[in-house]
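First comes the structure, then the notes that go with it.
The values are calculated or read from the model by the stated rules, or taken from the named source; none is laboratory data. Just so it is clear, the structure is predicted and the values come from calculations on it, not from any experiment. Using ideal geometry, Cβ is built from the backbone for each residue, glycine included, and neighbour counts are taken over all protein chains shown.
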Amino acid sequence: MNALRFLIPRLCYRYLFLYRIYYLLYRKGRGSKLLLPNEHTAFHIEGYPRSGNTFSYSLIRMILQSRSSFTFTHHTHATASLIMAKRNNVPTIILIRHPLHAISSSYLKYYALRNQDVPDTVNIQLLQHELKQYAIFYSYVVEHLADMKIIDFAGLIAYPFQFVKFVAKIVNVNPNELTVEELNKALTAIQDLEKRKNPLGSSLPNERKQDRRQTIELLLKENALYQRCLKLYESACANKVNLEVQS
């Protein structure tokens, strides 16, 4: 039964027909306001969980949507949404983070979302599920690199202003009009929000999260599927956008 609990979401996230049903019955049924890519979408930004999805969304919303009216889609974490974007010729930005850090962080977020303590013994089924989700998502990405712009998590965190300028060009906002003051205001608001979250689900570094992460990462490195995830990460990052040189 536990295996089915993880298998069903994996199948729904991977196949377009199943995802449409999942979206209507589960996500939208729970009041989700997430939109799916269509012909009116300015761009689609997507990644495996804990890869800068909320950070990038917040920067775009706070800085760019205050200047221009546009719709963008995000936060499905599903291969199916990439297929929708491709079919509708929607420009797609992919966020990617090293699998060791992304998967261990997503594992911890699973319990934070449920307000549960992380078990002392690692949940191997959950860890395997996270590995498979990462591999499935980025396998599709690597197969369609020509249709996507890759943003590495490390670059996003190091160069948030250059990231916003990069996106600004997609939505026809003059990047030279953006100010560092706007960026700093957005970064402060994002940080304040993260401080209010469960430490295991927050994107901010903290001791509680680091203690649990070390054990998880050791097990990840011993998993055969981890090597495949690592190769996918390296293949995608070989084609990443160099944010450092964006202007």
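Would you mind finding the one in Tyr111, Tyr107 that is surrounded by fewer than 21 Cβ atoms within 10 Å (Cβ to Cβ), among the hydroxyl-bearing types (Ser, Thr, Tyr), more than 24 Å from Asn176 (Cα to Cα) and more than 12 Å from the chain's Cα centre (by Cα)?
Step by step, each of Tyr111, Tyr107 is checked, and only Tyr111 is surrounded by fewer than 21 Cβ atoms within 10 Å (Cβ to Cβ), among the hydroxyl-bearing types (Ser, Thr, Tyr), more than 24 Å from Asn176 (Cα to Cα) and more than 12 Å from the chain's Cα centre (by Cα).
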message: Looking only at the stretch 138-179, count every residue that is in contact (Cβ under 8 Å) with a residue 40 or more places away in the chain and either within 16 Å of Ala85 (Cα to Cα) or more than 18 Å from the chain's Cα centre (by Cα) (or both) and tell me the total.
response: 20
- request: Take the residues in the stretch 51-86 that are in a loop (DSSP other than H, G, I, E, B) and within 12 Å of the chain's Cα centre (by Cα), then tell me which one is farthest from Phe163 (Cα to Cα).
  value: Ala78
- line: Reported set for the stretch 10-19 where residues are touching a helix residue (DSSP H, G or I) at 6+ places or on another chain (Cβ under 8 Å) and assigned to a helix (DSSP H, G or I) is Arg10, Leu11, Cys12, Tyr13, Arg14, Leu16, Leu18, Tyr19
field: Qualifying residues in the stretch 8-44 (those that are at pLDDT below 75 and charged (D, E, K, R)) - the one farthest from Phe166 (Cα to Cα)
entry: Arg30
message: What's the total number of residues in the stretch 140-165 that are surrounded by 16 or more Cβ atoms within 10 Å (Cβ to Cβ) and either part of a helix (DSSP H, G or I) or among the hydroxyl-bearing types (Ser, Thr, Tyr) (or both)?
response: 14
